[in-house]
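To keep things clear, I will list the structure first and then write my remarks on it.
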Amino acid sequence: MNTHYIAGQWQPGQGESLQSLDPVSQAVLWQGQGASAAQVDAAVAAARGAFSQWAARSLDERIGVLERFAACLKSRTDELARAIGEETGKPLWEAATEVNSMVGKVAISIQSYRERTGEKSGPLGDATAVLRHKPHGVVAVFGPYNFPGHLPNGHIVPALLAGNCVLFKPSELTPKVAELTVKCWIEAGLPAGVLNLLQGGRETGVALAGHCGIDGLFFTGSSRTGNLLHAQFAGRPDKILALEMGGNNPLIVDQVADVDAAVYTIVQSAFISAGQRCTCARRLLVPTGEWGDTLLARLVQVAGQIRVGRFDEQPAPFMGSVISLQAAAQLMQAQAELLARGATALLAMTQPQADAALLTPGILDVTAVGERADEELFGPLLQVIRYDGFENAIAEANATAYGLAAGLLSDSRARFEQFWLHSRAGIVNWNKQLTGAASSAPFGGIGASGNHRASAYYAADYCAYPVAGLESESLTLPATLTPGVTL
Ligand SMILES: NC(=O)c1ccc[n+]([C@@H]2O[C@H](COP(=O)([O-])OP(=O)(O)OC[C@H]3O[C@@H](n4cnc5c(N)ncnc54)[C@H](O)[C@@H]3O)[C@@H](O)[C@H]2O)c1
Ligand SMILES: O=CCC[C@H](NC(=O)CCC(=O)O)C(=O)O
């Protein structure tokens with residue numbers, strides 16, 4: 001199978017065998033072999049060879065390719081959405097929104113490139129001060145499985161726009177979506193070598209991240225892998241590393257007037273994408289007392305009725321499956337461990353069929369669990385912590401090494417201002433779901449969630465470096481010479 005795109009040619013892999021499976025039916029959707037170290041070398045060489053010509057093209061020419069790519073994605077929305085649904089398990093309606101985000105990324109990246117890394121000039125003394133930006137060169141992009149189209153696209157589009165060449169290594173769990181995306185780039189007329197696709201898992205990732213021929217790596221994935229990459233890049237200030245990682249995101253609920261609005265917002269925060277978004281609420285902080293009890297009773301009732309099903313089922317489910325049987329088993333195990341350590345199941349997460357990765361939403365009260373682990377459980381399992389007093393809720397929200405998203409549901413502006421002042425996260429929302437961040441804003445976290453290189457609207461910043469210059473058409477002597485110098 002020709003599964004890698006290197007130097008403008010499709011070719012079979014020479015590394016380990018790979019398969020992607022429908023997480024519900026277990027049908028094989030894609031199979032092939034990962035890229036070997038020699039294929040990684042070849043792809044890096046192709047990208048290096050293509051770089052100077054691609055970077056020398058005018059911005060308008062590069063924009064032309066990007067716009068044709070967006071048009072291709074749009075024309076193939078149904079095919080792409082189906083592939084996303086099949087490989088990830090997410091419902092078709094949601095997969096279609098992912099394709100829309102991919103299309104929208106092009107216009108947003110162009111706007112952001114112009115605003116944040118375009119050209120500026122103005123008089124400075126008898127010269128002109130000029131600010132321009134240059135691409136880094138050859139960059140690797142590593143994608144996660146949960147948004148196999150949109151999130152790698154969020155690195156690839158601005159990287160190519162800035163004039164970089166790209167080595168794209170998608171998640172080994174979603175190779176088919178990556179292949180379809182690259183076919184759109186080819187249809188858009190991207191020159192050979194500018195974008196290379198290297199399928200593969202950890203081995204391919206390790207070979208690419210450690211390759212001396214790359215100038216940078218843009219990563220979206222788990223904090224575990226991101227930390228490994230950060231250690232690998234230590235002592236290499238010459239290489240740019242952008243890390244978009246996970247979160248253990250808190251959502252505080254204050255005593256609000258509209259309980260159903262709160263419940264709906266919690267459901268959208270915790271259970272969309274079967275809890276497989278980096279921005280999902282993992283910890284729900286609820287006041288002790290009768291009002292909190294009422295909110296939780298309603299939440300359990302609503303979450304218990306959420307439709308869960310195969311990506312193409314009709315009527316459409318709200319939640320599809322998690323990515324794999326292995327992920328489902330790990331989540332079930334995590335729930336069992338929390339229960340064994342003193343958690344109470346308000347709504348037990350279940351796996352109705354052992355041979356399908358469909359899980360129903362789970363809500364555990366973990367208030368009684370001592371020394372709660374600060375970890376991201378990437379699935380539909382929400383942990384409730386009861387609090388006394390708003391200051392304690394804020395302290396509990398901040399009791400994490402992560403810092404991606406944090407939210408407050410409250411009718412009080414004063415409380416939101418207090419929360420905003422003390423919260424430690426890259427996204428801080430008030431009365432809005434934690435998920436569904438806009439591409440027109442910067443997107444990134446602090447602490448274990450990222451390395452201060454926000455993506456989305458700020459991706460332009462890590463795709464190019466600034467070059468400041470003083471320029472003058474003629475070389476002239478200054479009116480006054482420095483003391484001690486005679487001519
Ligand atoms: N902050 C964000 O923007 C954001 C967005 C989406 C997902 N995420 C996070 O991503 C995670 C889910 O994605 P995932 O499970 O695919 O992540 P992952 O870390 O397992 O994999 C991400 C990529 O890294 C590669 N990889 C894995 N181990 C590697 C190694 N040792 N060396 C080099 N490459 C390696 C994988 O093959 C994949 O391409 C969650 O933690 C989620 O929170 C973060
Ligand atoms: O899974 C992680 C985040 C998904 C999504 N965030 C974005 O799409 C950010 C915007 C962008 O990258 O363009 C979310 O918040 O739901």
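Summary table below
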{"quantity": "Filtered residues of the stretch 111-141 (kept if within 16 Å of ligand 2 (Cβ to nearest atom) and either out of contact with any helix residue (DSSP H, G or I) (no Cβ under 6 Å at 6 or more places or on another chain) or acidic (Asp, Glu) (or both))", "calculated": "GLN111, GLU115"}
{"quantity": "Residues of the stretch 250-303 that turn out to be closer than 12 Å to MET319 by Cα and either over 24 Å from the mean Cα position of the chain (by Cα) or surrounded by fewer than 20 Cβ atoms within 10 Å (Cβ to Cβ) (or both), as a count", "calculated": "2"}
{"quantity": "Options GLY34, GLY13: the member that is in contact (Cβ under 8 Å) with a residue 40 or more places away in the chain and either under 19 Å from PRO158 (Cβ atoms) or surrounded by fewer than 23 Cβ atoms within 10 Å (Cβ to Cβ) (or both)", "calculated": "GLY13"}
{"quantity": "Condition broken by VAL99, with the remaining ones in (1) away from ligand 1 (no atom under 16 Å from the Cβ); (2) over 16 Å from the mean Cα position of the chain (by Cα); (3) modelled with pLDDT of 95 or more satisfied", "calculated": "(2)"}
{"quantity": "Yes/no for ALA401 being within 25 Å of THR265 (Cα to Cα), touching a strand residue (DSSP E or B) at 6+ places or on another chain (Cβ under 6 Å) and exposed (fewer than 14 other Cβ atoms within 10 Å of the Cβ)", "calculated": "yes"}
{"quantity": "Helices (runs of 4 or more DSSP H) wholly inside the stretch 200-298 containing at least 1 residues that are assigned by the TED database to the domain that holds GLY389, modelled with pLDDT of 95 or more and within 16 Å of ligand 2 (Cβ to nearest atom)", "calculated": "259-270"}
{"quantity": "Every residue from the stretch 174-189 that is assigned to a loop (DSSP other than H, G, I, E, B) and crowded, with 24+ Cβ neighbours inside 10 Å", "calculated": "THR174"}
{"quantity": "VAL166 more than 15 Å from ligand 1 (Cβ to nearest atom) and at pLDDT 95 or above", "calculated": "no"}
{"quantity": "Qualifying positions in the stretch 224-237 - of a type in the set (A, V, I, L, M, F, W, C) and either crowded, with 24+ Cβ neighbours inside 10 Å or near ligand 1 (Cβ under 10 Å from one of its atoms) (or both)", "calculated": "LEU228, LEU229"}
{"quantity": "Single unsatisfied condition, GLY189 versus (1) without any contact (Cβ under 8 Å) to a residue 12 or more places away in the chain; (2) over 14 Å from VAL141 (Cα atoms); (3) away from ligand 2 (no atom under 16 Å from the Cβ)", "calculated": "(1)"}
{"quantity": "Identity of the residue in the stretch 238-254, away from ligand 1 (no atom under 16 Å from the Cβ) and touching a residue at least 60 places away in the same chain (Cβ under 8 Å), that ends up farthest from ALA343 (Cα to Cα)", "calculated": "ILE240"}
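The values are calculated or read from the model by the stated rules, or taken from the named source; none is laboratory data. Nothing here was measured: the structure is a model prediction, and the numbers come from that model. Cβ: placed from backbone, ideal geometry, glycine included. Neighbour counts: every protein chain shown.
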